[in-house]
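Visitor: Please find one structure pasted underneath; my questions will follow.
The values are calculated or read from the model by the stated rules, or taken from the named source; none is laboratory data. The shown structure was predicted, so the numbers you read here are calculated from the model rather than taken from an experiment. Cβ sites come from the backbone with ideal geometry, for glycine too, and all protein chains shown count toward neighbours.
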Amino acid sequence: MRMYDLIVKKRNGEALTKEEIYWFIEKYTAGEIPDYQVSALMMAIYFRGMDNRETLDLTMAMTYSGDVMDLSEINAVKVDKHSTGGVGDKTSLMLAPLVSSCGVCMAKMSGRGLGHTGGTIDKLEAIPGFNTQIETEVFKELLEKNGIALMGQTLRLAPADKKLYALRDVTGTVENMSLIASSIMSKKLAAGADIIVLDVKTGSGAFMKEYKDSLELATIMRWLGNNAGRKVAAVISDMNQPLGSAVGNALEVKEAIETLKGGGSEQLRELCITLGSLILTLAGKAANEDEAKKLLDEAIESGRAFEKFKDFVRAQGGDVRAVEDTSLLPLAPIIEPVASPVSGYVSLLKCDEVGMCSLVLGGGRAKKEDDIDLSVGLMIEKKISDRVEKGEPLAYIHAADKERLEEARERLLAAYGFSDVQPEKPVLIKEILN
Ligand code: URA
């Protein structure tokens, strides 16, 4: 086979065969095909697209391009969850212990934040001592022992995707549905869970800004997972404003803990209960979603879910004292309100811009190699549809120094819009595919 022929075939709008797809993935992973040829193929796919069969073949070829986690020795239903990324999205921190406390095994594979979106690994590292860089064997032992464990994606998991995604990132070929869906699902399939729950975000702070694109992505990812023999459910959730109030690593841990204990953010609770009820139903732990919701509510109210979070933190080397007393989490030296310039109703809160405020404060990464400050971020007090009086705080900024504080303040004020009439509150759960 010759890479040149595959490029020309796709350029001319023909479908690639399974053998051709497996061949180029294998050879590219082994370093036997140069980046320039794969870039050309990605661009041809970008313009010509792939049909479902090609997308599935690409997904499976990338899944098997490296190690595939075998969790079969763990005698429980194993679940993983994926979010397409958002601002203030601390869902996994709460969902993982919540469903684990209801008897499913949460085998969570997570990543770090990039650009305006955060990542679960960074957030958990705000808990002193928490170790996300565990080996596969330790991951499995913890799953067996506690029914919950979290690890960062290893280099050996879906290495073809790692190379391809990095290449697409610099060649203008990220935004293709087949390429995105296969990229995400190959990593999830290689991570070995029986059930995969997808939280596909939609709106200004999401990777997919348009609802129809989010729906298409959720639909194709679920189809890919089902065809790979996994149970998959997907939720499309709003990301036109941050989820909850906290944006920033330690601040989000604190909000997740408060919500897990029954207080905190109503929105976060709603999303976790929705995702959790899909998980418990698919795992056979509840007959239907109503029954599942009761189990999840009870796990929160009884304190069981929070106890499970503490077990999880302890097992991965984290200091449980910082979970019991969140004032021990990293705290920024400067905390200042951002006063509203007008009286009225909040009509807009550009979510990606809020994420950029956190990045400007040092809480996010512009490039993969950047270091981050786990203590900084924002607590959003006023969200879309809320009434605010002039001079009242819209948010509190947690900053390391005055210069960054002022830059973030300016950006945050520009992210807000106001009106005299009260707009509707955005609906959080837009669609459930189960
Ligand atoms: N996230 C991924 O993991 N892959 C993509 O292609 C896009 C977003």
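Visitor: Return yes when Leu198 is outside the structural domain of Lys383 (by TED's automatic domain parsing) and under 14 Å from Thr84 (Cβ atoms) and no when it is not.
Guide: On the way: outside the structural domain of Lys383 (by TED's automatic domain parsing): yes; under 14 Å from Thr84 (Cβ atoms): yes.
Yes; evaluated as a whole, the condition is true for this residue.
Visitor: Give me a count of the residues in the range 179-194 that are near the ligand (Cβ under 10 Å from one of its atoms) and among the small types (Gly, Ala, Ser). Lay out the reasoning, then the answer.
Guide: Here is the first cut: in the range 179-194, the ones near the ligand (Cβ under 10 Å from one of its atoms) are 179-188.
Among the residues that remain, those that are also among the small types (Gly, Ala, Ser) are: 181-183, 186.
Looking only at that region, the number is 4.
Visitor: While we're looking at this one, here's another question. Show me the helices (runs of 4 or more DSSP H) found entirely inside the range 189-306 where at least 3 residues are within 30 Å of Asn52 (Cβ to Cβ) and over 18 Å from the mean Cα position of the chain (by Cα). Working first, answer last.
Guide: Numbers: elements: 211-227, 249-260, 266-282, 289-301.
Ranges flagged: 211-227, 266-282.
Visitor: Can you name every residue in the range 48-71 that is more than 15 Å from Ala228 (Cα to Cα), more than 16 Å from the ligand (Cβ to nearest atom) and within 25 Å of the chain's Cα centre (by Cα)?
Guide: Asp67, Leu71, listed by residue number.
Visitor: It is to be established whether one or more residues within the range 195-204 are among the small types (Gly, Ala, Ser), on the phi > 0 side of the Ramachandran plot, at pLDDT 95 or above and within 12 Å of the ligand (Cβ to nearest atom).
Guide: From the range 195-204, those among the small types (Gly, Ala, Ser) are 203-204; that's our starting set.
Adding the requirement that they be on the phi > 0 side of the Ramachandran plot leaves 203.
Filter again for at pLDDT 95 or above, leaving 203.
Retained after the next criterion (residues that are within 12 Å of the ligand (Cβ to nearest atom)): none.
No, the range 195-204 contains no residue that is among the small types (Gly, Ala, Ser), on the phi > 0 side of the Ramachandran plot, at pLDDT 95 or above and within 12 Å of the ligand (Cβ to nearest atom).
Visitor: Kindly provide the set of residues from the range 74-110 that are more than 16 Å from the ligand (Cβ to nearest atom) and β-branched (Val, Ile, Thr), ordered by number.
Guide: Of all residues in the range 74-110, those more than 16 Å from the ligand (Cβ to nearest atom) come to 74-79, 88, 90-91, 93-107.
Of everything in the range 74-110, those that are more than 16 Å from the ligand (Cβ to nearest atom) and β-branched (Val, Ile, Thr) turn out to be Ile74, Val77, Val79, Thr91, Val99, Val104.
Visitor: Here's something else I'd like to know. So how many residues does the range 143-158 have that are buried (at least 20 other Cβ atoms within 10 Å of the Cβ) and either within 14 Å of the ligand (Cβ to nearest atom) or part of a helix (DSSP H, G or I) (or both)?
Guide: 3
Visitor: I'm trying to understand the selection: among the residues of the range 238-286, which are of a type in the set (Asp, Glu) and surrounded by fewer than 22 Cβ atoms within 10 Å (Cβ to Cβ)? Break it down into steps so the answer makes sense when it comes.
Guide: First, pick out the residues of the range 238-286 that are of a type in the set (Asp, Glu): 238, 252, 255, 258, 266, 270.
Result: Glu258, Glu266, Glu270.
Visitor: Still on this structure: Identify, please: which residue in the range 159-176 is touching a residue at least 12 places away in the same chain (Cβ under 8 Å) and within 10 Å of the ligand (Cβ to nearest atom) and is, among those, surrounded by the fewest Cβ atoms within 10 Å (Cβ to Cβ)?
Guide: Keep residues of the range 159-176 that are touching a residue at least 12 places away in the same chain (Cβ under 8 Å), which gives 159-161, 163-165, 167-168, 171-173, 175-176.
So of that shortlist, the ones also within 10 Å of the ligand (Cβ to nearest atom) come out as 161, 164-165, 168, 173, 175-176.
Numbers: Asp161: 27, Leu164: 25, Tyr165: 19, Arg168: 23, Thr173: 22, Glu175: 12, Asn176: 20.
Only one residue fits best here, namely Glu175.
Visitor: Report yes if some residue within the range 399-410 is surrounded by fewer than 18 Cβ atoms within 10 Å (Cβ to Cβ), in contact with a Cys (Cβ under 9 Å, 6 or more places away or on another chain) and touching a residue at least 40 places away in the same chain (Cβ under 8 Å); otherwise report no.
Guide: Yes, the range 399-410 has at least one match.
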